[in-house]
Amino acid sequence: MLKYAPPNSPAAAEKCIQRAYIIAANNLQIQHIPWHMSNPGARGRPSRKAVHNSWVNLGKSSILEPASSTTGRNASRPVDLAAEAAKKAQASDARAPWAVESITLQSLPDFFARDCLPDEFTMDNIECSGDAMLTEIYEWVFANFDREKPVHKIALLAGIYFSQMLPDVFWDVKDKPSASQMAGERLATSAVRSMPWKPNKGTRKGSTWRAMFIPMVAAYIISVYERGSPLRDYYATKKAFPGTWNAKNSAKGIGSFNLVRMGLAKAKSTRIFKGGVPLTDWLLLTNEELAVKHRELMGFLQDRQYGPFKIAVAFFGLDKAVELGATTGTYTNHPAMSSIALKKRPAPESDSDSDVEIVEEVPQKKQRR
């Protein structure tokens, strides 16, 4: 490695090697390395030789356990101790891999802040069918994903939550609001956001495979919002999105309509029900609105008890959030907010055949003669 380091400066060479080790440790997800034995009571120069029975956790400070717990631990089997240590390291290491399918949304705050992205967020889960335009768009998203950007964090969070809603990511025509309810941006957006989430009546191949929706939803949001994306470049010249892009996403319920429903875009007219002209019949959030949305969602992630539920409310509305929590148990519903949703639901219609009208007969008084 020294031959690749800067030859004129020992300090620069050492720093170069350190960076190489850091990159290797991150890519290979190395969590522990052999270390020298600590022997503070011994005289002379301390040993720096790495040994097999002394290990350190990279990026973590060593915490000495009480003598009593150490004694009990030494009595355990080495295999059990190794398994326990590996389990704790996996839970606490910010670089440890994780998958959405193996956790609940209740535990998402512990994983979302990790340095690595979920296993599902990969282009391997998206089928481009050899289409050059689709491939270019998706490759750009994965190459330019930056979790420090608010819109990228929102997009990933939206993709994770959207995948938990399957197959209820469509709408029923009978729930379509009237034209008067869609008059103007504010009314139109509110009407769309209040529409119930329903499954698609037709069969859609792959519409329940969650691993595909996480990267596809995130990629759609990022491509639409990022002015430098290939999608926006195409729009700049064609004033439309590619046909293959629209067809692929709309078949999965991914598009402008559900962006509005999730509070990530604004509707302007009834044309939103057919997709509408991009950035004309529907609009993106402004930078200020996007910043407010980011603060709101990241704030919910800090609430370990009801935050995951509140994120669902922000994306899908109170009724659907309560239903999702109650039917899947993926997060804890807020009791007070859940009671509000229950009170809003209309009472079931009674069966007319079983209705019995009770008429109280009032006895007539006898008249005196």
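The values are calculated or read from the model by the stated rules, or taken from the named source; none is laboratory data. All of these numbers come straight from a predicted model, not from anything done at the bench. Every residue, glycine as well, gets a Cβ built from its backbone with ideal geometry; the counts of neighbours run over all protein chains shown. When the accessible area is computed, the model is the full protein with side chains, heavy atoms only, and any ligands, DNA or RNA have been set aside. Shrake-Rupley method; radii C 1.70, N 1.55, O 1.52, S 1.80 Å.
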With all protein chains modelled, accessible area of Phe111 [1.4 Å, Å²]: 40
Protein chains only, probe 1.4 Å: how do Trp209, Trp245 rank by accessible area, largest first? Trp209, Trp245
Dmax and Rg, reported as Rg then Dmax, of the range 287-326 (C-alpha, Å): 10.8, 35
Based on the mean of other Cβ atoms within 10 Å per residue, sort peptides 216-229, 325-338 so the most packed one is first. 216-229, 325-338
If amide H atoms are built 1.01 Å from N in the plane of the peptide, which residues on other chains or at least 5 residues away come under 5 Å of the amide H of Trp98? Asp119
Cα atoms only: what Rg and Dmax, in Å, come out for the range 121-263? 15.4, 44
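Averaging over every viewing direction, what projected area does the convex hull of the Cα atoms of the range 201-322 cover, in nm²? Write out the running numbers ahead of the final one.
Working: hull surface 35.5 nm².
Mean projected area for the range 201-322: 8.9 nm², to one decimal.
How big is Rg to Rh over the range 91-193, alpha-carbon atoms, Rh as the Kirkwood inverse-mean-distance radius? Kindly include the intermediate steps, with their values, before the conclusion.
Working: Rg = 17.9 Å, Rh = 16.8 Å.
Rounded to two decimals, Rg/Rh equals 1.07.
Taking the Cβ-Cβ separation of Asn53 and Ile103 as r and a Förster radius of 25 Å, what is the calculated FRET efficiency to the nearest 0.05? Provide the component values of the computation, followed by the final result.
Working: r = 34 Å, r/R0 = 1.34.
Efficiency for this residue pair is about 0.15.
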Kirkwood-based Rg/Rh on the Cα set of the range 178-242 evaluates to 1.07
Given the C-alpha centroids of the range 243-273 and the range 136-175, what is the distance between them in whole angstrom? 12
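Longer than 24 Å from Cα to Cα, which of Lys174/Lys238; Lys238/Lys268; Lys153/Lys274; Lys238/Lys274; Lys149/Lys274; Lys176/Lys201 are they? Say none if no pair is. Before the final figure, lay out each step's value.
Details: Lys174/Lys238 34 Å; Lys238/Lys268 21 Å; Lys153/Lys274 28 Å; Lys238/Lys274 19 Å; Lys149/Lys274 30 Å; Lys176/Lys201 16 Å.
Lys174/Lys238; Lys153/Lys274; Lys149/Lys274, as the Cα separations exceed 24 Å there.
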